[in-house]
Amino acid sequence: MIKLLRVDYRLVHGQVAISWSRHIGADCILVANDEVAKDEMRQSMLRLSKPQGMKLVIKSIEDSVNKMFIVVNNIQDVERLAKEIPELNYVNLGVLPANENTKALSKAINVTSEDVKTLKKLLAKNIEIDIQQVPTEAITHVDEKLLES
């Protein structure tokens, strides 16, 4: 069973490795990312970021499984996973950086027009989407109104 699917461009770092994994009781983090799955240097850096005793698995999107805390670094990978995992019904948005092509949904979530289209598709599939950087922070629910603002 998937405990949590989080979007965070940093993948594994303090919030994911410590706060979230403890909060949800995960014993394994799955990084689902095609580029990282091919890059030994990035894999080594991510392994240094995980807590001792926590299993870290790095797979391509295609090879990802559904029994772990899955972390992806973009919204489009969520859509790809949702196509392969029909049971997926919840996504946590953690951190997506700002750039000249994004708009802010919150202090830590910045999305492109492509991201907004994808989020709307996910909402249409009855997938609940929340923004919450750490488990102790208030939850902001993502809905059509927020995406249009």
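Here are the numbers for the structure shown:
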{"read-out": "Which listed residue, of GLU100, GLU114, is surrounded by fewer than 22 Cβ atoms within 10 Å (Cβ to Cβ) and either in contact with a Leu (Cβ under 7 Å, 6 or more places away or on another chain) or in contact (Cβ under 8 Å) with a residue 12 or more places away in the chain (or both)", "value": "GLU114"}
{"read-out": "Which numbered condition TRP20 misses (of (1) free of Cβ contacts under 8 Å to residues at least 12 places away in the same chain; (2) buried (at least 17 other Cβ atoms within 10 Å of the Cβ))", "value": "(1)"}
{"read-out": "PRO86 at pLDDT below 95, open to solvent by less than 30 Å² (accessible area, probe 1.4 Å) and more than 16 Å from the chain's Cα centre (by Cα)", "value": "no"}
{"read-out": "Given (1) modelled with pLDDT of 90 or more; (2) open to solvent by 30 Å² or more (accessible area, probe 1.4 Å); (3) of a type outside the set (Val, Ile, Thr), number of the condition ALA108 does not satisfy", "value": "(2)"}
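For every residue, the table says whether it meets (1) among the hydroxyl-bearing types (Ser, Thr, Tyr); (2) without any contact (Cβ under 8 Å) to a residue 60 or more places away in the chain; (3) part of a helix (DSSP H, G or I).
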{"site": "VAL16", "(1), (2), (3)": "no, no, yes"}
{"site": "PRO51", "(1), (2), (3)": "no, yes, no"}
{"site": "GLU62", "(1), (2), (3)": "no, yes, no"}
{"site": "LEU119", "(1), (2), (3)": "no, yes, yes"}
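The values are calculated or read from the model by the stated rules, or taken from the named source; none is laboratory data. Everything numeric here is computed off the predicted structure, so don't read it as measured data. Cβ: placed from backbone, ideal geometry, glycine included. Neighbour counts: every protein chain shown. For the accessible areas, the whole protein counts, side chains as well, though only heavy atoms, and no ligand, DNA or RNA atoms are used. Shrake-Rupley method; radii C 1.70, N 1.55, O 1.52, S 1.80 Å.
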